[in-house]
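Notes follow once the structure below has been shown.
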Amino acid sequence: MIEKVRERVRDLLSSGEVKGFLGLSNKYGNTGPHLFCDAEDLDGLVIGDWKGPGDARYTLNKQLIHIARKYPDDVFGVLVRGCDDRGLKVLYTWNQLNPEKVVPVGIACSQELADACECRKPYPDDFVAGEKVEGRAFASVARLDALDVAGRFEAWLKEFSKCIKCYGCRDVCPMCFCKECTLEDDRLVKNGVIPPEIPVFHLTRAVHMVGRCIDCGLCNEVCPADIPLRTLYKKVADIVDEEFQYRPGQELYAKSPLNILMQPSSTG
Amino acid sequence: MDYRTVLTTCTYCGCGCNFYLEVLDGQVIDTIPCKTHPVNEGKLCIKGWNVHEFLQSPKRLTRPLIRRDGVLTEATWDEALDYTVSGLKAIKDAHGSDSIAFLTSAKVTNEENYLLQKFARAAVGTNSVDHCARL
């Protein structure tokens, strides 16, 4: 599988189609993001399966935004899984990336990873390695929905109360690019106070994930307190889909329902 | 264009969480926790997440400063060390060794902490040595 990826990246780099390829590398004894610029030096390129499938995934889209901001005229390649592909579509829609300057190299996830992520579409539109596997329903959401309102509220408050306000969920999120973050606005979240006000902090973030969250699960993986954030954002996405028939990353340039609601209505 | 991701250890406390510093053209722009490192397994506290902000901050101390006539002025290392030594000696002679206390740091190495407590106990002669993590 990795050979097919390396082959594609080698072609992209040697032909000059991309200035660099943002992927993952085994270096210093660990796996992390790396910009490959030399077509001959791809031995360290890996896809993020360290001890288990997908356990060394990173927010490559976010690093791509950093590079693209400074070098908007250069083309870069990026390693994408199904979630990253959704992410790219949303980032193009929000003007954070230019589709003409990005060449995604896709890989399809294994069934094991798709099950663990409860991913509805564990493969990008185009991929060079891996095989399409079945998408999964949100069993974790269903389990919570089975409880009554009081039970659900208690369950969530118990989870949120573990929060140490590290802002990891916000910092790792590939969709979080706001220059002024609501979670740092003193009127909503008091600066310098730990723990954060429960559940204001988490519900504020959840509302901001409407029309934005592409279900990559990195927030879940980065939380030092193991709060099941992904389940919360999956539920938010379900609600939005039910009401507005919209899921982020499904359709390129489809606007988020919040975007439409904010515009003044012509009918008054 | 020079883009690098450099694996390094957090300086803030004794945990030793590892992350990649994202460096673009010599500017440290972001921190990415290392998911495969056994200490932090891809997670960081708020201090670790913001390490990149202070690294190249213009507010960082680059030279020793001595307060002269109420104003902090630049000094050489020799001047600063002479000032400190003569000051500590004077206080020790006038008020005894127990009038001096030492505060060391979780951000320095174990060896540096050992050195300071040795200085406090053997050179100055006080037991009053503590550490910012205990506060």
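Quick notes on this one:
- In the condition set (1) buried (at least 18 other Cβ atoms within 10 Å of the Cβ); (2) closer than 26 Å to A:Asp115 by Cβ; (3) under 16 Å from the mean Cα position of the chain (by Cα), A:Gly211 is compliant with all but (2).
- Residue in the range B:42-56 that is nearest to the other protein chains (Cβ to nearest Cβ), counting only those that are of a type outside the set (A, V, I, L, M, F, W, C) and closer than 16 Å to A:Pro224 by Cβ: B:Lys43
- Test: A:Arg136 is in a loop (DSSP other than H, G, I, E, B) and either under 9 Å from A:Gly82 (Cβ atoms) or in contact (Cβ under 8 Å) with a residue 40 or more places away in the chain (or both): no
- Selection from the range B:46-64 of residues that are of a type outside the set (Gly, Ala, Ser) and without any contact (Cβ under 8 Å) to a residue 12 or more places away in the chain: B:Ile46, B:Glu53, B:Phe54, B:Pro58, B:Lys59, B:Arg60, B:Leu61, B:Thr62
- Single residue of A:Lys101, A:Lys165, A:Lys190 found to be touching a residue at least 24 places away in the same chain (Cβ under 8 Å) and farther than 30 Å from A:Gly16 by Cβ: A:Lys165
- Residue within the range A:29-41 that is free of Cβ contacts under 8 Å to residues at least 60 places away in the same chain, at the interface with chain B (Cβ under 10 Å from one of its Cβ atoms), touching a His at 6+ places or on another chain (Cβ under 7 Å) and over 25 Å from A:Thr231 (Cα atoms) present: yes
- Counting only helices (runs of 4 or more DSSP H) that sit wholly inside the range B:46-135, those with at least 3 residues that are more than 21 Å from B:Thr8 (Cβ to Cβ) are B:77-95, B:110-118.
- Residue in the range B:57-79 that is away from chain A (no Cβ under 14 Å), of a type in the set (Asp, Glu) and at positive phi present: yes
- Qualifying residue in the range A:15-22 (condition: touching a residue at least 40 places away in the same chain (Cβ under 8 Å), part of a loop (DSSP other than H, G, I, E, B), over 15 Å from the mean Cα position of the chain (by Cα) and at the interface with another protein chain (Cβ under 9 Å from one of its Cβ atoms)): yes
- Residue match in the range B:33-41 (condition: part of a strand (DSSP E or B), touching a residue at least 12 places away in the same chain (Cβ under 8 Å), hydrophobic (A, V, I, L, M, F, W, C) and facing chain A (nearest Cβ under 10 Å)): no
No value in this document is a laboratory result; all are computed from the given coordinates. Keep in mind that what you see is a predicted model, and the values were worked out from it rather than measured. Reconstructed Cβ throughout: ideal geometry from the backbone, glycine too, with neighbour counts over all protein chains shown.
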